[in-house]
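In what follows, a structure is listed as structure tokens, so that the remarks can point back to it.
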Ligand SMILES: [Zn+2]
């Protein structure tokens, strides 16, 4: 829960987030004061959370892209090997040449 200091007695008060920007009374000195619209605890945590969320989204997107890329390339590779079967003949020629030269 966000914590602020009472402007009257400087006591540390835990303010519910829904009380941000509203008037609250200090439970120590009973003085009324206006709660800041942006509570300090939220200010600190939300950018980190946003960053973590952004990093997580980027990582997940990268993993999905990598998996999709591998699946896609794998499919095209197997297709190309079957379609370009004639490309295996040069390899045979090279092997024959090597064995004949020795
Ligand atoms: Zn107070």
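No value in this document is a laboratory result; all are computed from the given coordinates. Because the structure is a prediction, the values reported are computed rather than measured. So basically every Cβ, Gly included, is an ideal-geometry build from the backbone, and we count neighbours across all protein chains shown.
Working from label points 7 Å from Cα in the Cα-to-Cβ sense, the residue 73 to residue 37 distance is 5.1 nm.
Spin-label model, residue 14/residue 48: points 7 Å from Cα along the beta carbon direction are separated by 1.8 nm.
You can think of it this way: the chain between residue 25 and residue 55 has 6.8 nm of extra reach, that is 0.36 nm per residue less the Cα-Cα gap.
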